[in-house]
Each structure stands twice: as C-alpha cells, then as structure tokens.
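The values are calculated or read from the model by the stated rules, or taken from the named source; none is laboratory data. Only a predicted model underlies this, so the values are computations on that prediction, with no experimental measurement involved. Cβ placement follows ideal geometry from the backbone for every residue including glycine, while neighbour counts extend to all protein chains displayed.
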C-alpha cells in the first residue's frame, strides 16, 4: 500500500460527479461501485503479516517465460481486460483471440504511438477487432499510455513491468505481480474502464495499493523511498526524476544501503546524468548487460515492494498513464530482492 495517508473512496464519486464527461458506461459504473465497496479508508502503517488474499505472486522474466500470462488469459471464464503499451507477441495475441472465440468478453486498450515504434500495435488492433474483441486506441489525454495491466474475470490482476512482446516475455529482466486482493482488482478494473470510456477524471483511485500516473504515483513512490530504514534495492530501466534522485541520495546519506541496477546500454542521457549524481551521493549503481533491464521495481527493507510500469522519470510519474502496485508482502519482496541482488552482483559500475 502506498505510504501516504489514504483519501476516502467517496472522493472518487465527487470527482466523477463534477466531471463534464458523458455518462459513464455500465461497466465503468459497476467497476467503480466494486472499487468503492472494496476499499476502506486506512493509514499506511505496515499490516502485521500478509493474509492469503493480500499476498501477491511474483513472476520473474525471462526465467518464467510467457506461460504465466498465457495461462491467465486461457484460464478466463468470463472476461479479459487488458491495457498495454505494446502487444506484438503472437502467442499472447492468439490466446486473446481464442478467448473471444470461446465466448469470453475481451477488451483491449492499445497505445497508438509507442515511442520509437509507431504503428507497432496496428496488427494486434486489426486482428483483435476482426475476432470480435472490444479494442480501442488509448486516450490522447496522456502523453503515452505506458500501462501493462491485465484483469481476468474481475478476480485477478496482473500488474507488469513487461510489454507483451517476445523480448518482454522471453529475454528482458521483467517482473509480474499477480494480485487477487478484491480492492486491488477492483481498482485495476476501474482504471481500464475509465480509460476505455476516456473519462476525464483527475483520479480513478486514491489510497489503495494500486497506484496510477499521473494521479497518485509521485507521492506514493517518493513516500515509499522515504520510508526505508535499512535498505533500498531498485531495478529500473530509466531513472532521472530530480525528486527521486534526491530521495535516493538522502536515504544513502542517512545510512540506508541503496543499490540501483540499470541497463548497461541504451540509457537516456538524462538517466546517465542522474546515475553520476547517485554514485557521487553514495548510491551503489550497477549496470547489467544481460538480461536487458526493462524492469521497474523497488524493494524496501526486504518487506515492501513496488512493481509496475512506472519508471522513476518525470514523464512516467506526471504525464503518462501508468499503473503499479505497492504492497507489504515479505515473501514477494524477498523474492524480488534476491533477483535484484543477483543482477547487481553480475553488473558493473556504469
């Protein structure tokens, strides 16, 4: 859960009631009702232990391969809802088409102009449309819809760092969190439904474990970093936001052991500049050549973690549509911590 004070879920109704948007679709209204009933206002002190319903399952790529995602889609009994930046993997696309042929409701939101890959989603858009799926282009309200989010049957949410591409599922370093907590799944579905309706809401969630850019990400992630007492481990494709860099340096200065794993190549100049500041500020930075780091994850004190589509960049936190999960889950945090530590050991100074 994000380390900021919760906002009552009724705020969502107030935001929507003030919106000049057209009437919301029945599916959006239903998902928002589920969200409001599932989410109760709360603070962000760590829960004493993780219940079975709150626990998340972490998958690690390329170790686990594409099968976990394909199994989720093929296991659907009623519906599959997907919001994704890139969808080019043939096996995933076939699973979605087969789900629709089997009578499942399949709805997909695709980014029309992925950076450096304009038009890459056109084949998926056309094939899904021909199969009878409800497929739409993402809203122009966001600089990019960089989300990697899957909801199955309104009962499971997969919050990912990976695109649904061959590289994302077979060769990159990526993380996937499968979440069955009802409040989280309701929040994830509400995001997809609001984005499909292009509802001009300022936020579709507030105060839960699921975070979304440009609405709740920045305070949630900065507060997460500030909460560390012993250790911060992060693996991040891009890292250049000034406030995030300052937070990591402040943690290192206070005695927290901070390790950052980044890609060995194809980094932005902004990330390179930030890495130099981090090294000078006492952060241990390691660049990993293989597997290629496309991850976006943070582990705090081996008990709390973030997984999602959000890089620590200003665009990712403030301008894109992005989705992530912050959870107090020791088992999941330790699993990710082990992989990050392994990658740090295999890396070299940038």
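For (1) surrounded by fewer than 19 Cβ atoms within 10 Å (Cβ to Cβ); (2) farther than 27 Å from residue 152 by Cβ, each residue gets a yes or a no:
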position	(1), (2)
208	no, no
214	no, no
217	no, no
223	yes, yes
244	no, yes
297	no, no
| If only one of 181, 284, 267 is out of contact with any strand residue (DSSP E or B) (no Cβ under 7 Å at 6 or more places or on another chain) and outside the structural domain of residue 167 (by TED's automatic domain parsing), which one is it? | 267
| said: Given the options 153, 126, 179, name the one that is modelled with pLDDT of 95 or more, surrounded by 24 or more Cβ atoms within 10 Å (Cβ to Cβ) and farther than 29 Å from residue 287 by Cβ. | reply: 179
| request: Might you check whether a residue that is surrounded by fewer than 22 Cβ atoms within 10 Å (Cβ to Cβ) and not assigned by TED's automatic domain parsing to the domain that holds residue 83 occurs anywhere in segment 320-327? | output: no
| query | Is at least one residue of segment 314-329 modelled with pLDDT of 95 or more and more than 18 Å from the chain's Cα centre (by Cα)? | reply | no
| Taking segment 319-344 only, how many residues are in contact with a strand residue (DSSP E or B) (Cβ under 7 Å, 6 or more places away or on another chain), farther than 22 Å from residue 171 by Cβ and in contact (Cβ under 8 Å) with a residue 60 or more places away in the chain? | 12
| query | Would you pick out the residues in segment 106-123 that are more than 20 Å from residue 314 (Cα to Cα) and either crowded, with 16+ Cβ neighbours inside 10 Å or not assigned by TED's automatic domain parsing to the domain that holds residue 162 (or both)? | reply | 106, 107, 108, 109, 110, 112, 120, 121
| said: Please determine whether any residue of segment 125-138 is outside the structural domain of residue 293 (by TED's automatic domain parsing) and under 16 Å from the mean Cα position of the chain (by Cα). | reply: no
